[in-house]
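Below: the structure, in structure tokens.
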Amino acid sequence: MDGHMLIIGAVIVTIVFAVMYIDIRYYENLKSLVHHNGIFKYHILQRGPKIVVIGGGSGLSTLLRGLKEYTSNLVAVVTVADDGGGSGIIREEMGMLPPGDIRNCILALANTEPEMDKLLNYRFKDGSLKGQSFGNLFLVAINDITGSFEKGIEKMSEVLSIAGRVLPVTLEDVRLVAELSNGAVVEGESKIPVISHNTGVSIKSVYLKPKDPPAYEKVLDAIGEADAVIIGPGSLYTSILPNFCVAGVSKAVNESGAVKIYISNIMTQPGETEGYDLLDHYDAIKRLGGVDNIDYIIANNGTVSAEIENKYREDGAELVKEIKKIPPGPEVIYDDFIKLKKDYIRHDEKKLAYRIMEVVLNTRLKKDHSRVFDYFYIKSLLISKRPQ
């Protein structure tokens, strides 16, 4: 009997080691194949997880640059309440939705040469076009040729061969309105944080005018099909929450079977989130955004030099304070996500994407036996891209 048990034990150990060896060899070979074969990489990225990112501003485009290394099934859902800068001028003079955030997301997902990237990001220095982005004008021209904003976005995305899709949250011409804590009402995305900061009166809530505009149908479809829905990073009241003021978006997120992840900003923002800690940010998403089932929060616990911190503090911004637990609720994933760019604090897009894909791997792909190939592919990428 003991001899039989010994043989059975030896067989089990052999099988375990064989499986481990095959596992390691599989994703090592897969990693090598993907690295050396561009066509294969293109097709395998097309099989990647379906990820919807909801937001606006520079935070959204930064995140997309990191995520496109893992999947081409990306959908950026972008607010269209912007009324400042070049986008505001185009909006008023051309009567079209603001192109700025849309353009930034398209360029973040584009597979273009550096020269093309520079061209589309170029801003005119003189004359009536001073400060205007060439990329904005490019989108205006395509909008005019195709006859609609959504078709213009599709055509520009096609021309630049982007890794995913960029969708306006609504096709309605909307304006952002804020109610301040003293009852005052401020209309205009660009005016809200300025007036709030200058008067020292905090934002109580935001809504769109007209109220509850219909969501772009493709946005709701994408959320329903997603493996992961990511909220943020971005300006809380002027970039993120306006998306949830659109009819149907909160409901679609709450009813989606996707894993829901909120990415907190690294810094507080003057006129929007002064004095906010992580719990305050999360509470606003839940209470004002109507999203009540976030599974994970990804937040920064890194620090910066006293010199940089003081520079931000002079402008009314500080590092978002971490908290140990959000009761009851999501799991909080902390890491040092700070990346300095000319002394400006930004999210490290590679580390951020890595942490997101870890969550997607373990909550979605690992449990879906029909996606074994996708699981090993993401696993191999995570091994090769593990932050040092």
Q: Kindly provide the set of residues from segment 155-180 that are among the charged types (D, E, K, R) and more than 23 Å from PRO49 (Cβ to Cβ), ordered by number.
A: LYS155, GLU172, ASP173, ARG175, GLU179
Q) Out of GLU314, GLU322, GLU307, which single residue is closer than 28 Å to THR199 by Cα and touching a helix residue (DSSP H, G or I) at 6+ places or on another chain (Cβ under 9 Å)? A) GLU322
Q | Checklist (1) assigned to a helix (DSSP H, G or I); (2) over 21 Å from PRO99 (Cβ atoms); (3) under 16 Å from the mean Cα position of the chain (by Cα) applied to ILE240, failing item | A | (2)
Q: Go through ASP277, ASP227 for me and flag whichever is in contact with an Asp or Glu (Cβ under 8 Å, 6 or more places away or on another chain) and acidic (Asp, Glu).
A: ASP277
Q | Selection within segment 94-145 - among the hydrophobic types (A, V, I, L, M, F, W, C), more than 22 Å from SER72 (Cβ to Cβ) and assigned to a loop (DSSP other than H, G, I, E, B) | A | MET96, LEU97, PHE124
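Okay, residues lined up against (1) touching a Ser or Thr at 6+ places or on another chain (Cβ under 6 Å); (2) closer than 13 Å to GLU272 by Cα; (3) at pLDDT 95 or above:
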residue: GLY152; (1), (2), (3): yes, no, yes
residue: PRO168; (1), (2), (3): no, no, yes
residue: ASP173; (1), (2), (3): no, no, yes
residue: ALA178; (1), (2), (3): no, yes, yes
residue: SER181; (1), (2), (3): yes, yes, yes
residue: GLU187; (1), (2), (3): no, no, yes
residue: HIS197; (1), (2), (3): no, yes, yes
**Q.** Those residues of segment 96-122 which are farther than 19 Å from VAL52 by Cβ and of a type in the set (S, T, N, Q), in sequence order
**A.** ASN111, THR112, ASN121
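Give the residue, chosen from ILE89, ILE44, ILE54, that is buried (at least 16 other Cβ atoms within 10 Å of the Cβ), modelled with pLDDT under 95 and closer than 21 Å to PRO193 by Cβ. Give the derivation first.
Values: ILE44 fails: closer than 21 Å to PRO193 by Cβ; ILE54 fails: modelled with pLDDT under 95.
Criteria check complete, one pass: ILE89.
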Q | Selection within segment 260-279 - in contact with a helix residue (DSSP H, G or I) (Cβ under 9 Å, 6 or more places away or on another chain) and without any contact (Cβ under 8 Å) to a residue 24 or more places away in the chain | A | none
Q: Sort out which residues of segment 290-345 are surrounded by fewer than 13 Cβ atoms within 10 Å (Cβ to Cβ) and on the phi > 0 side of the Ramachandran plot, and write them in order of number.
A: LYS342, ASP343
Q) Inside segment 332-345, can you point out the residues that are among the charged types (D, E, K, R) and modelled with pLDDT of 95 or more? A) ASP335, ASP336, LYS339
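Would you check if there is a residue in segment 278-286 being in contact with a Phe, Trp or Tyr (Cβ under 7 Å, 6 or more places away or on another chain), part of a helix (DSSP H, G or I) and not aliphatic (A, V, I, L, M)?
Yes, because at least one residue in segment 278-286 is in contact with a Phe, Trp or Tyr (Cβ under 7 Å, 6 or more places away or on another chain), part of a helix (DSSP H, G or I) and not aliphatic (A, V, I, L, M).
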Q) In the set VAL194, VAL186, VAL219, which member is on the phi < 0 side of the Ramachandran plot, over 23 Å from the mean Cα position of the chain (by Cα), of a type in the set (A, V, I, L, M, F, W, C) and outside any strand (DSSP E or B)? A) VAL194
Q) Has segment 199-207 got any residue that is more than 30 Å from GLY257 (Cα to Cα) and buried (at least 17 other Cβ atoms within 10 Å of the Cβ)? A) yes
(Q) Restricting to segment 346-388, and then to whatever is surrounded by 14 or more Cβ atoms within 10 Å (Cβ to Cβ) and of a type in the set (Ser, Thr, Tyr), can you tell me which residue is modelled with the lowest pLDDT? (A) TYR377
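Using the structure shown, decide if GLU179 is among the acidic types (Asp, Glu), in a strand (DSSP E or B) and in contact with a strand residue (DSSP E or B) (Cβ under 8 Å, 6 or more places away or on another chain).
Numbers: among the acidic types (Asp, Glu): yes; in a strand (DSSP E or B): yes; in contact with a strand residue (DSSP E or B) (Cβ under 8 Å, 6 or more places away or on another chain): yes.
Here the answer is yes, as GLU179 does meet what is asked.
The values are calculated or read from the model by the stated rules, or taken from the named source; none is laboratory data. Since we're looking at a predicted model, the values are computed, not measured. Reconstructed Cβ throughout: ideal geometry from the backbone, glycine too, with neighbour counts over all protein chains shown.
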